[in-house]
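Rule-based calculations on the coordinates, nothing more; no lab input. Model, not experiment: these values are computed from the prediction. Cβ coordinates were reconstructed from backbone atoms using ideal geometry, including for glycine residues, and neighbour counts include every protein chain displayed.
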C-alpha cells in the first residue's frame, strides 16, 4: 500500500520545517507582546478619563470584574494560546484565535471601565 492509497490516520505527519517553526515563534512573540499590552495597559486605559480632575474615573460599578478580566483571564488566554501554537497541528490558527480572544478581552475591559457607580 503506498501513501496515496493509505488511510489518513495511518499516514505520518511530515516534520515541521525551520521556516514553519520560525513563523510559529514570531506568532508566539506577537501573542506575548499583545498579551502584555492587554495585561498592563488595558485596565489603565479603561479607567482613564481626560475630563476628570485626577485623570481617573470615579468609583467603578464593575471594578472587581475589571480586575478579574485583567489579572486572571488575560494570562490564562496567553498561556492557552502559546500552548496551542506549539502543540496543535494548526498552530497558526490557534495563535490567531488567541490574538482575537485577547482583543475581545481588551474590549471587555474598556466596556467595564465605562460604568461609574
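Below, the figures for the structure above:
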item: Listed peptides 37-43, 71-77 by packing density, highest first (mean Cβ within 10 Å); result: 37-43, 71-77
item: Spatial separation of Cα centroids for the range 57-107 and the range 25-43, in angstrom; result: 9 Å
item: Helix 18-47 vs. the chain, principal-axis angle (Cα, 0 to 90°, nearest 10); result: 10 degrees
item: Extended-chain gain in nm, criterion 0.36 nm per residue less alpha-carbon gap, residue 50 and residue 67; result: 4.0 nm
item: The chain: relative contact order in percent, alpha carbon pairs under 8 Å with at least 6 residues between; result: 36 percent
item: Gaussian network model of the chain, Cα within-10 Å springs - most flexible of 24, 32, 104; result: 104
item: Nearest-ten-degree value, helix 74-87 long axis tilted from longest Cα axis of the chain; result: 10 degrees
item: Stretchable slack from residue 76 to residue 111, in nm (0.36 nm times residue separation minus alpha-carbon distance); result: 10.6 nm
item: Residue with peak Gaussian network fluctuation, the chain [Cα springs, cutoff 10 Å], from 89, 61, 16; result: 16
item: Of 80, 98, 70, the one that fluctuates the most in a GNM where the chain has Cα springs shorter than 10 Å; result: 80
item: Cα pair count fraction exceeding 14 Å, expressed as % - the range 34-112; result: 62 percent
item: Cα-based helix-to-principal-axis angle, 91-112 vs the chain, degrees rounded to 10; result: 10 degrees
